[in-house]
Amino acid sequence: MINEYVKKWLIKANNDLKVAINLMKLSSEETVTEAICFHSQQAVEKFLKAYLITKNVEFGKTHNLEYLLELCVKKDSEFKGIDVGDLSFYAVEVRYPDEF
């Protein structure tokens with residue numbers, strides 16, 4: 001049975017994923033790439049954190065997907081096959097005009 005706290009993380013992650021998918025359905029003129037990338041980053045971050053919570057791994061306050069993935073790999077080598085690319089950049093940087 002899934003813990004209620006983990007369930008909340010998974011619901012939030014799935015909501016971010018739904019937003020990204022729905023934004024990708026817009027026409028090319030209406031597409032907001034930075035929003036798609038932001039919500040994709042948020043979904044991956046929350047999925048990784050949910051997994052880490054199930055393993056009782058502390059991760060602190062971070063948006064760094066590479067760090068989170070590294071912690072996941074320590075618990076399960078299957079995570080080595082995941083490439084998060086440049087998604088960490090979209091956690092904070094694209095939200096402010098000076099950083100984009």
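Things to note:
- Filter result for LYS12 (among the basic types (Lys, Arg) and closer than 21 Å to PHE89 by Cα): yes
- The residues of region 21-74 that are charged (D, E, K, R), under 14 Å from VAL6 (Cβ atoms) and assigned to a helix (DSSP H, G or I), listed by number, are LYS46, LYS49.
- Checking each residue in region 44-64 for being closer than 17 Å to LYS8 by Cα and either hydroxyl-bearing (Ser, Thr, Tyr) or in contact with a Ser or Thr (Cβ under 6 Å, 6 or more places away or on another chain) (or both) picks out TYR51, THR54.
- Residue that is surrounded by the fewest Cβ atoms within 10 Å (Cβ to Cβ) [pool: residues in region 1-39 that are among the charged types (D, E, K, R) and more than 21 Å from HIS63 (Cβ to Cβ)]: GLU29
Any read-out appearing in this document is the output of simple, stated calculations on the displayed coordinates, not a laboratory observation. Note that the coordinates shown come from a computational prediction; the quantities given were computed from them, not determined experimentally. Positions of Cβ are backbone-derived with ideal geometry, glycine not excepted, and every protein chain shown enters the neighbour counts.
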